[in-house]
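Notes follow the structure.
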Amino acid sequence: MKFLVTGINGQLGHDVMNEIQKRGYEGIGSDIAEQYAGVADSSPVTTMPYITLDITDRYAVMRVIQEVQPDAVIHCAAWTAVDMAEDDDKVEKVRAVNAGGPQNIAEACKAVDCKMLYLSTDYVFDGQSTESWDPDCKEYKPLNVYGQTKLEGEKAVSNTLEKYFIVRIAWVFGLNGKNFIKTMINVGKTHDEVRVVNDQIGIPTYTYDLARLLIDMCETEKYGYYHATNAEVTDENAGCKTGYISWYDFCCEFYKQYGLKTKVIPVTTEEYGLSKAARPFNSRLDKKKLVENGFKPLPTWQDAVSRYLREAQL
């Protein structure tokens, strides 16, 4: 198979490219920078073919996809700065990237009859439910500009194509780029205590594990909406909280695994303040559709954190 991957200078695109190479497929990476600008870790992505691409440029997207003629496009590129997206002078740009970009790619994929996999987010929901969100749930109520524009991107893909996968993820961390674990470990090294919200629940997603699943999907024609995060811990003897967790639980676990003694203080979202954008309280994503369609679920988040900390060497 031949893949075109957007956003390879980000966390997920980096790992998707490496997974493509691992399986012996052909992978071409793209991003808006003039050359690969991700972590210089000597992994295959750093030397694989690269194309500069502005996904908001409809004609450039059509030209590149027609030239590459991929079997599948994995669309990782997105505006992910959630709070900055709320700024009035940024909204138009956020919409161009998160809604216009997927529309351009979907139209180009349709023109060459290739598959498209679009990464989306739990933020398309309002987070007010007490149950896990089903991937085929249509009760969309995004609370912020980021969620609204990602939802618009979903609709652009599903209204344009038949050969599409829409995969919603949450709480992402990976080797390439910024994430919650990196940020909080750096803070924990210089502070005696940190405050972390305890009333937003979900499960993290390790991009290394997710990349494997995304390629698994593209090898099939089992199209549709999916939810994918690492698995919740169910064994009470596992040494960490079982079931769904909060950001506070998450921080406590990776501090423990890393060996940091920094005190973690649980606070409510309201007590924490700071954020411009409203966040969903319930980011629980129902993943049973993966198993129903024969896909191998991701490992537990605790195991993912352990492997990530060994690789990241923070």
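The values are calculated or read from the model by the stated rules, or taken from the named source; none is laboratory data. Small disclaimer: the values here were computed from a predicted structure and weren't measured. Glycine also receives a Cβ, built like all others from the backbone with ideal geometry; neighbour counts cover every protein chain displayed. For accessibility, only protein heavy atoms count, side chains too; no ligands or nucleic acids. Shrake-Rupley method; radii C 1.70, N 1.55, O 1.52, S 1.80 Å.
Summary table below
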read-out	value
DSSP beta bridge pairing in the chain, given as percent antiparallel to the nearest 5	10 percent
Coil-residue trypsin sites (Lys or Arg not before Pro) of region 138-207, DSSP, other Cβ within 10 Å capped at 10	Lys138
Coarse-grained scattering of region 194-314 at q = 0.22 Å⁻¹, given as base-10 log I(q)/I(0) from a Debye sum over alpha-carbon atoms	-1.31
Carbon + sulfur, % of accessible area of the chain - ligands and nucleic acids excluded, 1.4 Å	48 percent
Cα gyration tensor shape for region 149-233, rounded if a/c is under 1.5, else prolate or oblate	prolate
Distant alpha-carbon pairs in region 195-238 (separation over 13 angstrom), percent	69 percent
Amide H partners (placed H, <5 Å) of Ile245, local residues excluded	Gly202
Normalised contact order of the chain, rounded percent, pairs of Cα under 8 Å and 6 or more residues apart	20 percent
Reciprocal of mean inverse Cα separation for the chain (Kirkwood radius, Å)	19.9 Å
Sequence-distant residues sharing a close amide H with Arg195 (under 5 Å, placed H)	Ile265
Links that overshoot a 18 Å alpha carbon limit, given the list Lys22/Lys115; Lys189/Lys256; Lys163/Lys296; Lys115/Lys178	Lys22/Lys115; Lys163/Lys296; Lys115/Lys178
Counted charge near Gly10, where neighbours are those whose Cβ lies closer than 11 Å (Asp, Glu -1; Lys, Arg +1)	-1
Computed helical MRE - 222 nm, the chain, DSSP H runs ≥ 4 contributing -39500 (n - 2.57), nearest 500	-10500 deg cm²/dmol
Acute angle (nearest 10 degrees) that the helix 145-160 long axis makes with the longest principal axis of the chain, alpha-carbon atoms	40 degrees
Heavy-atom accessible area per residue - the chain, 1.4 Å, Å²	44 Å²
Region 218-314: trypsin sites (Lys or Arg not before Pro) in DSSP coil with no more than 13 other Cβ atoms inside 10 Å	Lys261, Lys276
Kirkwood Rh in Å, taken over region 1-152 so that all alpha-carbon pairs contribute	16.2 Å
Expected-Rg normalisation [2.2 N^0.38 Å, Cα atoms] applied to region 60-143	1.30
